[in-house]
Each structure stands twice: as structure tokens, then as C-alpha cells.
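Working notes, structure below.
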Amino acid sequence: MISFRGFFLSLSLAVLLLALAFSPVELPFRNYNGHGRIEQQDHIVKDSGTALPSHKTLVVEHVTVLTVAGPSAATKHSAFDKEEVRLMQTLEKGNGKWDATHPRYRLLAALKGYLLYQPRSKADLNKWRDAYKRLPRKQKVFVESRVRYSKKLNSVEHLVDKNAQVAHAIVKNGLEFYGVDMQELEDFVDETKDEPTNDSKTSVLQAMKHFVRDWSDEGLHERQPTFPCILNVIQNKFPAKLQSETASPVKVLVPGAGLGRLAHEIASLG
């Protein structure tokens, strides 16, 4: 049997959040506009230093550790409940110093990144359109005849709106899962508008790419060449232990695990 022996509070919460269930809905999000603010925040993120806090901090990103074992059904829920209680205690604002390294701060920063995905993307799109309008007429005619650039920009805008539905669903599920009030997130967005944060556009876009690669039909061509090979090796290497509830645990390290599809497939072997 294979199952997760639960221990993880991912400090890269932007990636963890995308693994939550997605259900497109209309949400009452505040319309976060203001290209000035967005550009300023992006500039801060890019130019901010990477100074570490005075105490030692260990940050592990995009790594999932699986424990291959066979706990009884009675202990599975008990372990999960204990881990959930521990997680919620860790996320309490009064638990430790409130700064950018605090787990709740990092959670809110990740949620903020998804909340601002649409206005930030639209701001970039407007920059591209403005730059395109400034091209000499002769160059613009040439580009339109070859690549129909205006149509491509319109398609990008449509896809940004579709992606925003995913981003909003992530925020909604994140708020519910972690017990965060929408007002707290909105207050956090206002309070951190001039501060460097970890909710860069790059992190959000990379998480969405992982979503496609790991869980969509479109990403099958990336999974198919490698996943079966890895799964077959594990099955051939530990055939008895995968089927025994009394065998010693087999630990599988999955580096660069993205949104956990490979880890999920490994856990499903037994």
C-alpha cells in the first residue's frame, strides 16, 4: 500500500494553492486596477534584494517527499487531523514575529498574486498594444499581413480572462481552506502595496503552466515520455513492499514536483 505520511507546510505557498480544487464561479472580488501601482510593485519585486533574516531559515521549493507505507485506516484520518491542527496553529498571526517570513504573510502574499493576476496581465497587454501603435505604418502593415498581430493580442486578452477564472477560484478555495476572510486579504493588499512581496507575476504564471503540464490533457505529451518509466521502475524495485501493509516504509523523493501529478501517480500505485 502507498500513502502520504503527512508532513508538509510548503513555504512556496503560491505553488501549493494551485493544487486546490477548481470550480469557475463569479466572485465578488474588488476590481484592483491602477497600472501605476502594479508597475511599481513589479519593479519592487524585480529590484528587491534577497537578504536573509538574521536567524537561519530553510526554504525548500518544488520538492515533494513521499513516504511509501501502509498505515491502517484508523490512523489515516487521525494523522491528517493532527497535521491540519498543527498547520492552522502555525498560520496564526500571533505565532511568531509578523514579517515577510511568517507563514500567514506568505499565504496572503500568494493569494494576493492570484488576486492581481488579471489587472497585472491586462496592464502588460496594454503596454504591448501601445508599443504596437507606435510602430511606423509600413512596419505595422507588414506585421499584420504576416502574423496578424492585432488578432493575436485580442486572443491573449480573451485567454487572460479565462485564466482569471482559474486564479479567482484558487483565491476562493484558498480562503476557505485556510479559514481566511476576504476582508483580511483586501487589507493585506492595501497594506503591502508599497512593500516588496513574494507574489511576483512570474510565480503565478509558472504555477499555471504547471497546472497545464501536470493535470490537463494538453500536458499529456510531457508526462507520457517519463512518468510510465518512473512508475515501472518503482513497481519492479519494490513489488512486495507496495502490496504489504507490514513491510518497512519506502521513501520516494520527487524533486521539481510541480503540482504533484507524479507524486500522486506514485501514491496511487498501491
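Among the residues of the range 181-206, what is the count of those that are modelled with pLDDT of 95 or more and among the hydroxyl-bearing types (Ser, Thr, Tyr)?
0
Looking at the structure I just gave you, is Ala263 in the same structural domain as Arg104 (by the TED database) and among the hydrophobic types (A, V, I, L, M, F, W, C)? If you could, list the steps in order and put the result at the bottom.
Details: in the same structural domain as Arg104 (by the TED database): no; among the hydrophobic types (A, V, I, L, M, F, W, C): yes.
It is false that Ala263 is in the same structural domain as Arg104 (by the TED database) and among the hydrophobic types (A, V, I, L, M, F, W, C).
Tell me the helices (runs of 4 or more DSSP H) entirely within the range 171-270 that contain at least 1 residues that are exposed (fewer than 10 other Cβ atoms within 10 Å of the Cβ). Quick ask: steps written out before the conclusion?
Working: elements: 182-191, 201-215, 220-223, 227-237, 239-243, 261-267.
In the range 171-270, 182-191, 220-223, 227-237, 239-243 are the helices (runs of 4 or more DSSP H) which contain 1 or more residues that are exposed (fewer than 10 other Cβ atoms within 10 Å of the Cβ).
For the structure I just gave you, tell me whether Val160 is closer than 30 Å to Ile266 by Cα and touching a residue at least 40 places away in the same chain (Cβ under 8 Å).
Taking the combined requirement at face value, the residue does not satisfy it.
Ala100: among the aliphatic types (A, V, I, L, M), crowded, with 20+ Cβ neighbours inside 10 Å and under 30 Å from Leu87 (Cα atoms), yes or no?
Criteria not met by Ala100.
The values are calculated or read from the model by the stated rules, or taken from the named source; none is laboratory data. Just so you know, these numbers come straight off a predicted model, no measurement behind them. Don't worry about glycine lacking a Cβ; one is built from the backbone with ideal geometry, like all the others, and counts go over all protein chains shown.
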